Amino acid sequence: MTRSRVAVVLAVVAVVAVLVTAAVAVATYVRDDDPEAALVVTDPRSGASFEVPGESWEVRGPRSRIYYADDGGRPTAEVSGAAVFRDGYCADQPGDSNRGFAGFTDQAFEAWRESLGGAGEEHRERVVLADGTDATLRWVRLPGGSGPCAAAGVELAMVSAGDLRVVLVADAGADGTLEHEEIVRILRTTAS
């Protein structure tokens with residue numbers, strides 16, 4: 001074989017290798033950025049987790065806190081490293097608005113309910129979590145707040161099994177909010 005033929009063969013092999021590498025990279029990129037892929041929230045203390053849909057949700061780092069405080073500024077109900085739904089949706093307050101959040105919490109359902117205003121009829125049912133654990137699901141629909149970003153109502157829901165608690169607080173009664181069935185589906189993905 002002459003040098004020119006060897007060079008042509010090597011060039012063809014190089015082009016094929018580049019094309020295969022590019023195809024694998026594109027396939028991996030598309031798969032990783034699939035908006036339908038679930039996002040996983042993990043509790044660093046217990047190792048428990050739950051999932052939220054990939055579309056319109058983002059998971060914040062463990063140092064990020066969302067909380068409600070009493071008049072003295074002390075947190076009464078909080079989550080760290082939460083998943084946030086439609087963050088920045090309100091043009092009037094893009095940095096301080098979201099349509100909901102979910103995360104692990106140390107506070108009981110009553111503390112969350114009181115932090116959000118306390119009114120509304122509470123519902124309770126037994127559910128089975130993703131890992132087969134029996135749990136209690138509690139939820140209440142509360143009146144919404146006031147202001148340009150407020151929804152007509154707020155749904156507070158919590159699933160608990162022993163010391164494990166996952167809370168989801170979401171706007172309700174407005175376009176772009178979560179339906180109750182979606183809230184329950186998210187909470188039931190919890191696995192300890």
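Using +1 on the beta carbon of Lys and Arg, -1 on that of Asp and Glu, and nothing else charged, what's the dipole of the stretch 120-180 about the Cα centre, debye to 20?
Numbers: 5 positive and 10 negative charges, 28 e Å.
So the magnitude is around 140 debye.
With a 1.4 Å probe and all protein chains left in place, how much of the accessible area of the stretch 64-192 comes from carbon and sulfur atoms, in whole percent? List each step's numbers first, then the result.
Working: 2640 of 6190 Å².
That fraction is 43 percent.
Find the accessible area per residue for the stretch 103-154; the probe is 1.4 Å, ligands and nucleic acids are left out, and the unit is Å². It would help to have the intermediate numbers written out before the result.
Working: 2700 Å² over 52 residues.
For the stretch 103-154, the solvent-accessible area averages 52 Å² per residue.
The values are calculated or read from the model by the stated rules, or taken from the named source; none is laboratory data. Quantities reported herein were computed from a predicted structural model and do not represent experimental measurements. Every residue, glycine as well, gets a Cβ built from its backbone with ideal geometry; the counts of neighbours run over all protein chains shown. Heavy atoms of the whole protein, side chains included, go into the accessibility calculation; ligands, DNA and RNA do not. Shrake-Rupley method; radii C 1.70, N 1.55, O 1.52, S 1.80 Å.
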